[in-house]
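Heads up, the thing below is written out as structure tokens.
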Amino acid sequence: MITDIYNWQNQAEQYFIQEKYSQAAKLYEEAIAIEPNTISYYCHLGLLLLLQGQEAEAQMTWMLPMTEADEEQLEIWTNELFQFLQIEAERREIREEYSIAWLIRQHMREVNPIDINNLLHILQLCLKLEKFEEIKDLHEWGIIEILNEPESLNINSELLIQVLEEILNTAPLHAINLNLVEACLPYFSDTYQCFCLILTTAMTIGHTLRQPLLAAELLKLHLQLEPENVEILRHLAVFYQDARHYSQGIETAKLCYSLSEGLADKIFALHLLLRGLMSAGGYWQEICETCEELEGIYQEFIKAQPISLEEARILRLLTPSFAIPHIKDTPANFRAIHNKVAEIFNTDIQTLAKSQGKKYDAQEKKLKTPSKKLKIGYISYALRNHSVGWLARWLFQHHDQDKFDIHTYFVNYQLVDDFLQDWYVQKAGNAHKLGMNGLKIAEQIYQDEIDILIDLDSITLDITSEVMALKPAPIQVTWLGWDASGIPAIDYYIADPYVLPDDAQNYYTEKIWRLPQTYIAVDGFEVGVPTLRREDLNIPGDAVVYLSAQRGYKRHPETTKWQMQIIKQVPNSYFLIKGLSEEEAIKRFFYQIAEEEGVDCSRLRFLPQVSLESVHRANLGIADIVLDTYPYNGATTTLETLWMGIPLVTRVGEQFAARNSYTMMINAGVTQGIAWTDEEYIEWGVCLGKDASLRQQISWQLRQSRHTAPLWNGKQFTLEMENAYEQMWQRYVEEK
């Protein structure tokens with residue numbers, strides 16, 4: 001029985017601290033019986049009941065004094081209760097008792113459903129407790145409506161922005177509410193803070209989580225604050241293009257170019273424009289004009305040196321070169337420009353690193369004793385469901401890990417459902433799952449004391465180029481990803497006797513290391529069940545079917561003219577066209593050339609994409625002949641075609657990209673279909689179309705070659721690569 005007010009309250013507090021809630025509650029029940037008009041007793045008793053899981057009883061206790069209160073008393077009572085619960089919620093948050101804090105704040109929401117700061121705290125607790133479905137259902141709380149009427153609110157803007165940042169950084173995609181982001185925009189006093197938050201989140205969503213359209217929608221919100229923010233527009237163009245909204249991507253890239261002032265910014269804006277035009281396919285005149293403009297600005301940039309650039313602009317210098325070999329086959333001229341830009345890139349990256357106290361003395365590393373393993377490092381963002389991922393795997397499969405210490409550096413590692421990436425992690429030796437910070441990646445490689453670092457990306461990823469320019473390993477090599485990057489810090493470029501002409505060393509800065517037979521080999525491909533049938537495409541069973549399966553940016557009008565001339569000369573022939581592109585643009589492109597060459601457009605078929613690589617390969621079997629692209633050949637598609645035993649017609653050029661199919665056919669033991677002139681390409685196409693027995697002979701040769709040809713011998717290829725590594729190291733030792 002309560003006799004001393006001070007003593008019983010002190011005792012109740014002690015019970016509360018000791019979490020003896022029932023004993024404390026009993027004391028407050030007795031106090032209410034003695035002093036029924038003391039509001040604070042009801043606050044405490046309700047809280048104690050709530051902490052014991054008696055939510056209904058707690059609600060009834062808090063409501064009890066309200067039943068007979070007038071309007072003024074009711075407001076005083078609810079405010080007191082709200083403040084009381086808020087103090088306890090904050091205490092629980094400090095103690096990281098988030099579940100209890102969340103429960104208390106939910107009851108605060110019952111007391112005052114429009115207190116915005118409490119709602120923000122609930123959102124924050126939902127994130128900590130991973131109650132993402134509640135975040136998704138923001139409309140039920142009315143929080144967005146409240147934010148959109150700021151004049152009547154006392155919003156803690158700092159808390160609001162903190163909660164928004166936590167939502168964008170931790171919530172799954174389905175819980176990210178763009179309406180909430182838009183409602184928060186007026187509360188950013190610092191536009192740059194908003195820019196950093198939205199761009200960082202969009203990069204993660206668009207690239208790491210592969211949701212480019214959602215990333216684009218997020219970036220568009222920031223344009224409400226800064227409609228001409230070029231950095232936002234750059235990324236917006238990329239995300240539109242990645243989402244195959246090519247028209248929007250092209251228009252955004254054009255806007256970027258119109259707003260760009262410096263030469264480096266103009267170079268990258270033209271890259272974005274070419275990326276969109278070429279991916280869409282069919283915009284050939286505009287592509288050629290843009291490419292010519294790019295080369296001109298590159299020349300201006302070279303002449304204007306030295307130009308002081310920050311890291312982001314330096315990183316953007318090399319990738320735009322990717323477009324040019326798709327348009328023309330003039331490697332000596334191309335590399336004269338590209339190598340100079342790569343030299344500037346290399347110098348600027350190293351200068352930047354030194355200014356930040358980073359310097360790698362890999363060339364000064366202590367030489368190994370002959371008995372120690374060579375440390376081989378591979379770096380790539382593409383060891384996943386990607387052309388590089390499909391082609392590099394046999395080297396990883398057959399590597400002698402008793403003889404070599406293998407390290408693999410996964411740039412921008414993504415936790416996604418990708419069986420090929422998972423396979424590489426298992427086969428990678430020491431797998432390093434890394435982000436997109438070039439300096440940190442280079443530091444990791446340097447600390448691992450890698451002897452030979454192999455770049456599988458070339459200029460297709462700026463971060464990999466940055467790492468190679470920093471020279472974290474004494475010997476650096478480019479293989480597979482594209483052509484040679486031209487970066488002076490790279491020592492060797494892997495080729496073979498065929499993929500580069502004899503005089504290629506005259507215009508390469510890297511030492512060309514020619515493997516004895518082939519620069520690539522695979523043990524084969526997984527092949528699924530075909531989903532294409534001739535009758536489904538309204539093609540007669542006795543027709544001759546030609547196929548071209550390449551992305552839109554490899555579609556050159558001159559090559560397409562040759563292909564139409566072949567179709568025209570082969571009776572009862574059809575041409576199947578497959579590859580990522582803008583459907584209407586690529587149709588216009590092919591229909592126009594077909595009409596110019598006198599080919600009925602009804603003989604053309606445009607095939608849809610399929611989700612599985614194995615089904616794509618199976619569907620190649622519908623073709624009698626595959627017609628390669630030029631001046632940029634197929635690579636993975638050529639290997640798949642040859643593996644499926646399908647005759648191929650290719651035009652051999654001078655640059656690496658124009659000789660891929662040539663070296664692959666030679667290393668598969670087949671020469672029929674290799675053309676050295678435009679006329680020969682047409683002749684081979686017509687010959688193979690009209691001569692069924694020749695097609696059968698080539699198909700038989702290709703199937704037999706699986707047992708004998710270098711192209712299908714991944715184990716022998718791996719031995720030759722390993723031998724090359726040992727010879728490179730021996731040269732390095734002798735030079736030192």
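Computed from the coordinates by the stated procedures, all read-outs in this text should not be read as laboratory data. Being a predicted model, the structure only gives us computed values, none of them experimental. Virtual Cβ from ideal backbone geometry, glycine too; neighbours counted across all protein chains shown.
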Within the range 367-458, list the trypsin sites (Lys or Arg not before Pro) lying in a DSSP loop whose Cβ has at most 13 other Cβ atoms in a 10 Å radius.
Lys372, Lys403
Please grab the % of Cα pairs in the range 419-574 that end up more than 24 Å from each other.
57
Report, to two decimal places, the Cα Rg of the chain normalised by 2.2 N^0.38 Å (N = number of residues).
1.23
Run down the lysines and flag those whose C-alpha is under 28 Å from the C-alpha of Lys373, throwing out any fewer than 8 positions away in its chain.
Lys358, Lys359, Lys365, Lys403, Lys427, Lys433, Lys440, Lys471, Lys511, Lys715, Lys736
Loop sites in the range 533-577: trypsin sites (Lys or Arg not before Pro), DSSP, at most 16 other Cβ within 10 Å:
Arg533, Arg534
About the Cα centre of the range 480-590, how large is the charge dipole given +1 on each Lys and Arg Cβ and -1 on each Asp and Glu Cβ? Please answer in debye to the nearest 20.
460
State the answer as a single residue: which of Leu129, Ile116, Phe396 lies farthest towards the positive end of the charge dipole of the chain, with beta carbon charges of +1 for Lys and Arg and -1 for Asp and Glu, about the Cα centre.
Phe396
Using a simple charge model, +1 on the beta-carbon of Lys and Arg, -1 on the beta-carbon of Asp and Glu, nothing else, what dipole does the chain show about its Cα centre, in debye to the nearest 20?
3900
If you project the alpha carbons of the range 5-202 onto their three principal axes, what span does each projection cover, largest first, in Å?
60, 37, 26
Under the rule that an exposed site lies in a DSSP loop and has at most 14 other Cβ atoms within 10 Å, name the longest stretch of the chain with no GluC sites (Glu not before Pro) of that kind, not counting the sites themselves.
311-525
Excluding residues fewer than 8 positions from Lys561 in its own chain, the lysines with Cα under 20 Å of it are Lys328, Lys578, Lys587, Lys690
Could you name the lysines whose alpha carbon sits less than 18 Å from that of Lys254, not counting residues in the same chain fewer than 8 places away?
Lys220, Lys266
Cα centroids of the range 512-549 and the range 143-216: how far apart, whole angstrom?
46
